[in-house]
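Peer 1: The structure is given below, and queries will be raised subsequently.
The values are calculated or read from the model by the stated rules, or taken from the named source; none is laboratory data. Treat the numbers as computed from the prediction; the structure is a model and nothing was measured. Note: ideal-geometry Cβ built from the backbone for every residue, glycine included; neighbour counts use all protein chains shown.
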Amino acid sequence: MVNAEDRITQYQALIDTHPEIELKGKNMLYTSINGHMFSIMNKGQGLGLRLSKEEREKFLDDFNTQPHESHGAVMREYVRVPDELLADTQALAPYLVKSYEYVKTLEPK
């Protein structure tokens, strides 16, 4: 079982692969652009990534995972990143880019 500190370290390593992305937050870590979050790290639930509908469906199938939940609520458009994938920064990095690029297409808040 992966502990919260390891997940945070792995999340930071993932964010470090994309210099334009800044990790924000203290108790709940997240990334955002134009007022839209696109990744979120909950202590108990792990990492969630926001993806387009097509990418989300493919991700859920490819990694046998489910939508991301935060505080008992399902987060629309987010997938839960399995701990094994979170530990593989190189394999996960393209999905961070897809998430970032998807959110850039949304109308700024």
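Peer 1: Given the chain, what strands (runs of 3 or more DSSP E) lie entirely inside it while holding 1 or more residues that are in contact (Cβ under 8 Å) with a residue 60 or more places away in the chain?
Peer 2: In the chain, 29-33, 36-42 are the strands (runs of 3 or more DSSP E) which contain 1 or more residues that are in contact (Cβ under 8 Å) with a residue 60 or more places away in the chain.
Peer 1: Answer yes if at least one residue in segment 50-73 is of a type in the set (D, E, K, R), touching a Ser or Thr at 6+ places or on another chain (Cβ under 6 Å) and closer than 13 Å to residue 99 by Cβ, and no otherwise.
Peer 2: yes
Peer 1: Looking at 60, 106, 92, which one is on the phi < 0 side of the Ramachandran plot, aliphatic (A, V, I, L, M) and within 12 Å of the chain's Cα centre (by Cα)?
Peer 2: The unique qualifying residue is 92.
Peer 1: Can you report the number of residues in segment 39-86 which are farther than 12 Å from residue 11 by Cα, touching a strand residue (DSSP E or B) at 6+ places or on another chain (Cβ under 9 Å) and among the hydrophobic types (A, V, I, L, M, F, W, C)?
Peer 2: Adding up the residues that qualify gives 7.
Peer 1: How many residues does segment 1-38 contain that are hydroxyl-bearing (Ser, Thr, Tyr) and in contact with a strand residue (DSSP E or B) (Cβ under 6 Å, 6 or more places away or on another chain)?
Peer 2: Of the residues in that region, 3 qualify.
Peer 1: Mind checking which residues of segment 1-18 are out of contact with any helix residue (DSSP H, G or I) (no Cβ under 9 Å at 6 or more places or on another chain) and either among the acidic types (Asp, Glu) or modelled with pLDDT under 95 (or both)?
Peer 2: Hits for segment 1-18 are 3, 4, 5, 8, 9.
Peer 1: Of the conditions (1) surrounded by 18 or more Cβ atoms within 10 Å (Cβ to Cβ); (2) modelled with pLDDT under 95, residue 44 fails just one. Which one is it?
Peer 2: (1)
Peer 1: Shifting gears a bit: Scan segment 69-97 for residues that are closer than 11 Å to residue 52 by Cα and surrounded by fewer than 18 Cβ atoms within 10 Å (Cβ to Cβ) and jot them down.
Peer 2: Result: 76, single match.
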